[in-house]
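The structure appears right after this line, and notes come after that.
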Amino acid sequence: MKKSVLIVILLITTLFSFAQKTTLKVVESEEFKDKVKAVNLLTIYTNNNQTGVVRESKQDYLFDVFDKDLNKLHSALVESNKKEVYVGEVVFGDEIKVFTVYSPKAKERIVYCHIFNVKTGEHTKKNLFEVTVAKKRRLFFNRNDRQTSFDISPNGKYLAIATDNIFKDVNDYAIRVFDANTLELLYTKSYQKHKEKYFNHNDISVSNNAEVFVLGKLYKEGKREKKKGEANYDFILNKVSENSNEELLVSLENQHIKSLNISTIKDQLHLLGFYSEKRSGNIKGGCNFIIDSENFAIASKKNYELPLDVYEDLFGDKRGTKKEGKELSSFYIDYILEDSAGNTYILAEEFYITQTYISNGMNGGYWQTTYHYNDILILKFGASGNLDWGRSIFKRATAPSYNAFLKNDELHVLLNSGKNLLEKKDGRTKVSQGWFESSSLYDITYNNSREVIYSKIQDNKGKTYYLPYYGTFNNDIFIMMSDGRKKRQFMRLE
């Protein structure tokens, strides 16, 4: 009986490895040591000849410069304070500007800019502005999102910063625009100031003439997403300049949207995201609001249901067909990428938290929290705003694990998974690591013919373990750093 059950299980789970070797050129640096233990990798940026890396330890920020062969040229250790926290960065030319917030008192906030020149290795620190906030409130409410409060203009001249300044009796929000080179404050503008209505900031974009576009949700009553089954908010696009503040209402038409992101495609603003017919945390499909920038009006709105390929990638050939049209949930946008032809890729990852009570018998117990970074959803919009295709990656992980970039107009998704990617009989490719399985670093490529190519970069056993999530893509090269506290190494993919 046991033997027959085992045979059935083996038949159901018969899998085979199929990944090929990557076509990317792989270069590894020599190992180097840090003077202090670096806790977090904040950002990596590379120009034509040097690579700048910014990390933090418990008491310092580390600013390092490496040459084109990834040998360390320069290292600076800048003392920080446990009450000073990293909130974002922008890059342009040879400079990385890293922003931190220092909270010396409960209501006092000081925003600093660390200017790090990758070419010279020079570091300077400047006090940008000081504000008073309500007790225990964050100045940057969305500080855990990817760069939603900071932006630099395409020509590198203007730096824009969006802040929350909410008190008990008023909801207030501000835009500050600086000269990006001198960091001189050019103007400050308040927007969406209400005694009752709450504004949830989504994204920011600054133009070459110092106009700032700020996108977010304005709630009608309180902060609930729904009221009597309908969306309890409107999306508002603000166009802010030194002398004016225009507002554009983005009509939802009985739909629910968690958030939208601003993308500029061929000098035209696109508001991209996912929509639902049930609630804002769900996904029925992708949406694209195209803005007429000259007249500051909505030129068109396009909605597209998720294609069948998305469901088949997640649930298999047969179950995917049955699931088609049903809404997904708990996905958060990570990347919006644009290729040379004006096509746009949106990548979102499924994220949720579970808690399990672990009993210690007579001694009570404790709650164990597990973070789930699971499936990846990918949509490609054409330059006209139409949906070209959609796919997904059937993935399981317990930490942020992937990165994405466009090279030669092909989408690459890098991540660590089990030693062998395995294709199930139902057509799915599961990207995860088994309990007793070693890991490998993979490159999943979506080419111009809509093919999905699974490539192995390396088996990690006995080799350096790299972290794609913290990598960066500049000048047609992807660079990522290894795991570890004191000894580190780089991998470069060309």
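The values are calculated or read from the model by the stated rules, or taken from the named source; none is laboratory data. This structure is a prediction, so every number in the text was calculated from the model and none was measured. Every residue, glycine as well, gets a Cβ built from its backbone with ideal geometry; the counts of neighbours run over all protein chains shown. The area values use the complete protein model at the heavy-atom level, side chains included, leaving out ligands, DNA and RNA. Shrake-Rupley method; radii C 1.70, N 1.55, O 1.52, S 1.80 Å.
Express in nm, to one decimal, how much length is gained between Asn475 and Phe167 on full extension, taking 0.36 nm for each residue of separation and deducting their alpha carbon distance.
Extending this stretch completely gives an extra 106.5 nm.
Over the alpha-carbon set of segment 195-303, work out the extent along each principal axis and list the three values in angstrom, largest first.
Principal axes ranked by extent give 42, 34, 18 Å for the Cα atoms.
So how far apart, in nm, are the two label points at Ser438 and Asn208 if each is 7 Å from Cα heading toward Cβ?
Between Ser438 and Asn208, the label points sit 5.2 nm apart.
If a/c stays under 1.5 just call it rounded; otherwise compare a/b with b/c (prolate if a/b is bigger, oblate if not). Do that for segment 15-78, with a ≥ b ≥ c from the square roots of the Cα gyration tensor eigenvalues.
prolate
Would you mind calculating the gained length between Val36 and Lys302 on full extension (0.36 nm times residue separation, minus the Cα-Cα distance), in nm to one decimal?
Taking 0.36 nm per residue and subtracting the Cα distance, the gain is 90.6 nm.
For segment 214-270, rounded, prolate or oblate, judged on the Cα gyration tensor with a ≥ b ≥ c (square roots of eigenvalues), a/c < 1.5 rounded, else prolate if a/b > b/c?
oblate
In Å and whole numbers, how far do the C-alpha atoms of segment 389-455 stretch along each principal axis, longest first?
Cα spread of segment 389-455 along its principal axes, largest to smallest: 37, 27, 17 Å.
Of the peptides 288-297, 232-241, how do they stack up when ordered by the mean number of other Cβ atoms within 10 Å, highest first?
Answer by packing, highest mean first, reads 232-241, 288-297.
Roughly speaking, to the nearest percent, how much of segment 436-494's 1.4 Å accessible area is carbon and sulfur?
Carbon plus sulfur share of accessible area: 43 percent.
Kindly identify segment 418-494 as rounded, prolate or oblate by the Cα gyration tensor criterion: order the square roots of the eigenvalues as a ≥ b ≥ c, call it rounded if a/c is under 1.5, otherwise compare a/b with b/c, prolate if a/b is larger, else oblate.
oblate
Over all directions, what mean area does the Cα convex hull of the chain project, stated in square nanometres?
Its average projected convex-hull area is 27.5 nm².
Set the bar at 21 Å for Cα to Cα. Now go through Lys195/Lys217; Lys425/Lys461; Lys395/Lys456 and name every pair that lies beyond it.
Lys425/Lys461
Once you place label points 7 Å from the Cα toward the Cβ at Arg137 and Asn47, how far apart are they in nm?
Spacing of the two 7 Å Cα→Cβ label points: 4.0 nm.
Summing +1 for each Lys or Arg and -1 for each Asp or Glu, what net charge is found among the other residues whose Cβ lies under 14 Å from the Cβ of Tyr173?
Local charge sum for Tyr173: +4.
If you roll a 1.4 Å probe over segment 281-423 with all protein chains in place, what percent of the accessible area is carbon or sulfur?
45 percent
When the chain is fully extended, how far beyond the present Cα-Cα distance does Ile358 get from Tyr102, taking 0.36 nm per residue of separation?
88.4 nm
Highest mean first, what order results for 188-197, 436-445 on Cβ atoms within 10 Å?
With the highest mean Cβ count within 10 Å placed first, the list reads 436-445, 188-197.
Compute the signed sum of charges (Lys and Arg +1, Asp and Glu -1) over the other residues within less than 12 Å, Cβ to Cβ, of Gly156.
So the surrounding residues net to -2.
Can you pull the percent of segment 218-266's accessible area that's carbon plus sulfur, 1.4 Å probe, other chains left in place?
Roughly 40 percent of what the probe reaches on segment 218-266 is carbon or sulfur.
What does the accessible area per residue of the chain come to in Å², with a 1.4 Å probe and no ligands, DNA or RNA counted?
I get 49 Å² per residue for this part.
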